[in-house]
Structures are given as C-alpha cells and as structure tokens.
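**Student:** My questions will all concern the structure given below.
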Amino acid sequence: MLPWQQQLHSKGYQVILASASPRRKELFGSVYPQFEIRVIETDESYPETLPANEVAVFIALNKAKAFEGLVAENEIVVTSDTTVILGNTVFGKPANASEAFEMLNSFNGTTHLVQTAYCIKIGTEYHTYTDNAWVTFNNLTKEELEHYIETAKPFDKAGAYGIQDWIGQVAVKTIQGSYFTVMGLPVHALYADFKHLAATLPHLG
C-alpha cells in the first residue's frame, strides 16, 4: 500500500465499493486496494424534468442514500453511475438487441457526452463529483453494429457499448476527457479525493 493508503487504513476506516460492475471493481483497485463489494439494489429512475447532465449524480447519490443506517461509523461507501447523453437524451442500459442497435446507430458519426458521477458517503456526509468526457464515433455499418451487439452483448452498459470493447477500438475517433470516465469511473478524481480523506479524516478508536 502507498503511504496515504496505509494512513487511511491505520485510522480504522473500511472502504466499500457499492457496485457489481467488474470494470469498476478493477478500476477502484487502482485507488484503494483493500475494499469490500457490497451492493444494495436501488431504483435508478429519475424525474423527467431533471436536466440530462444531472442524472448521473442524482442516481449515484440515491445509491449512497440506500446505505443510510446500514453501515458503521468507520465504513466509507463509494457509489457511481454512468450516463451517455446525445442532445437532451439520456441513454441508459439497453433492454434488448433492438434497443442497443438504435442507441449505437444514433452515435454514428456524432459526438456524445459520457458522464460518470460518484458519491462518497462517510457517516451522514455525502460528497459527489461528476466528470465529463466527449466521445466522437466514426460511422459503422449496420452489419458492424450487429456484430458488436451479438458478440459483446452490451446490455449492462450505458449507451450499449464499452469503450474497452472491440467497438471502442474501431469506432471511437476521439475522446476529450478521461478514458476511464467513459469506462465507468473517473479514477484520477477519486484517487485525489481519497488522498485528501486520508490526510483529513480523524483517527477512530
């Protein structure tokens, strides 16, 4: 462990990542190597009047609030959510192959916004952060999109694609922002926040 990670550990804190995503699990290990996975199923709906660029942080915060009364004083909970936005439309996870195709086809030759927000819950306090990345797609054919959907089955991914998949290699022309934000966790920001917590949180016990 790095010195600041050891400092947080020695102060008596336990870290919980509230995500079943294998991608977030992998990325979170770069921030803090000793953590527990604990997931509470939460409602990921949001008000229709909510601006598109506030949806990710709204859902991340709701995921953290689901842990109220269920965690100890020394437990730090991290939740996260990713949305894909084109125009004023928020693209969540596709329900089926047809919906996945419609999403991907709409990204062809355009630039869309990927937002990943996270929430850190410590006691009764909540800290949220949202990171933006703009992704520009090349044009893929109908056959290429169908090939990706059939082989990758991206039904657990916002916007129906994973940047780390084949489609990210062949379709993504440019990214303005963090690759890891598109993948599902803004590691650079979360790492900085955890370093700050290690320095400022009080010792327990």
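**Student:** Please verify whether the range 66-83 includes one or more residues that are over 29 Å from residue 201 (Cβ atoms) and among the aliphatic types (A, V, I, L, M).
**Tutor:** Checking the range 66-83: not a single residue is over 29 Å from residue 201 (Cβ atoms) and among the aliphatic types (A, V, I, L, M).
**Student:** Would you list the helices (runs of 4 or more DSSP H) that sit entirely within the range 1-67 and hold 1 or more residues that are modelled with pLDDT of 95 or more and in contact with a Cys (Cβ under 8 Å, 6 or more places away or on another chain)?
**Tutor:** Those helices (runs of 4 or more DSSP H) span 55-65.
**Student:** Here are some conditions: (1) without any contact (Cβ under 8 Å) to a residue 24 or more places away in the chain; (2) out of contact with any Asp or Glu (no Cβ under 7 Å at 6 or more places or on another chain); (3) not β-branched (Val, Ile, Thr). Residue 152 meets all but one. Which one does it not meet?
**Tutor:** So the condition that residue 152 fails would be (2).
Residue-by-condition table, conditions (1) in a loop (DSSP other than H, G, I, E, B); (2) crowded, with 16+ Cβ neighbours inside 10 Å; (3) modelled with pLDDT under 95:
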| site | (1), (2), (3) |
| --- | --- |
| 81 | no, yes, no |
| 93 | yes, yes, yes |
| 101 | no, yes, no |
| 112 | no, yes, no |
| 115 | no, yes, no |
| 119 | no, yes, no |
| 129 | no, yes, no |
| 134 | no, no, no |
| 145 | no, yes, no |
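**Student:** Mind counting the residues in the range 28-75 that are closer than 14 Å to residue 128 by Cβ, among the hydrophobic types (A, V, I, L, M, F, W, C) and in contact with a strand residue (DSSP E or B) (Cβ under 6 Å, 6 or more places away or on another chain)?
**Tutor:** The number of residues fulfilling the criteria is 7.
**Student:** Still on this model: Condition (residue is touching a residue at least 60 places away in the same chain (Cβ under 8 Å), more than 21 Å from residue 198 (Cβ to Cβ) and either in contact with an Asp or Glu (Cβ under 9 Å, 6 or more places away or on another chain) or among the hydrophobic types (A, V, I, L, M, F, W, C) (or both)) applied to the range 31-39: is it met by at least one residue? If you could, list the steps in order and put the result at the bottom.
**Tutor:** Here is the first cut: in the range 31-39, the ones touching a residue at least 60 places away in the same chain (Cβ under 8 Å) are 31-32.
Pick out the ones that are also more than 21 Å from residue 198 (Cβ to Cβ) and you get none.
No - not one qualifying residue is present in the range 31-39.
**Student:** Restricting to the range 35-61, name every residue that is of a type in the set (S, T, N, Q) and within 22 Å of residue 183 (Cβ to Cβ).
**Tutor:** 42, 53 - these are the residues of the range 35-61 that are of a type in the set (S, T, N, Q) and within 22 Å of residue 183 (Cβ to Cβ).
The values are calculated or read from the model by the stated rules, or taken from the named source; none is laboratory data. This is a predicted model, so every value here is computed, not measured. Ideal geometry is used to build each Cβ from the backbone, glycine not excepted, and the neighbour counts take in all protein chains shown.
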